[in-house]
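Data first, discussion second: the structure below is written as structure tokens.
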Amino acid sequence: TGDFNACELPHLRQDCPRHSFEASSRSTYCANCFCFVCDGPAPDCQHWLTHCQATNRGPEARKWKALRR
């Protein structure tokens, strides 16, 4: 339970328990981060430097949701 399990399960970059979306470089990811746009592992995203900014919350959520594959 808690943060340990969250670290071990796949999650969107915005929800990464190791690298805060607000406090760290968004291009940084852990082994279980997924790209919100591509819906695949972050290391496999060919557009990560842009997609790492994607979120399903806040004022830009609609823009990112429209780009999802």
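The values are calculated or read from the model by the stated rules, or taken from the named source; none is laboratory data. Computed from a predicted model, the values in this text were never measured in an experiment. No Cβ is skipped: glycine too gets one built from the backbone with ideal geometry, and neighbour counts run over all protein chains shown. The area values use the complete protein model at the heavy-atom level, side chains included, leaving out ligands, DNA and RNA. Shrake-Rupley method; radii C 1.70, N 1.55, O 1.52, S 1.80 Å.
Structure values in brief
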| read-out | value |
| --- | --- |
| Among residues of segment 51-63, those that are closer than 18 Å to HIS19 by Cβ and either surrounded by 13 or more Cβ atoms within 10 Å (Cβ to Cβ) or in contact with a Cys (Cβ under 9 Å, 6 or more places away or on another chain) (or both), counted | 6 |
| Selected residue (criterion: most open to solvent (accessible area, probe 1.4 Å)) from residues of segment 34-50 that are touching a residue at least 24 places away in the same chain (Cβ under 8 Å) and part of a loop (DSSP other than H, G, I, E, B) | ASP39 |
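For every residue, the table says whether it meets (1) modelled with pLDDT of 95 or more; (2) within 12 Å of the chain's Cα centre (by Cα); (3) closer than 19 Å to LEU9 by Cα.
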| site | (1), (2), (3) |
| --- | --- |
| ALA31 | no, yes, yes |
| VAL37 | yes, yes, yes |
| HIS47 | yes, no, no |
| THR55 | no, yes, yes |
| GLY58 | no, no, no |
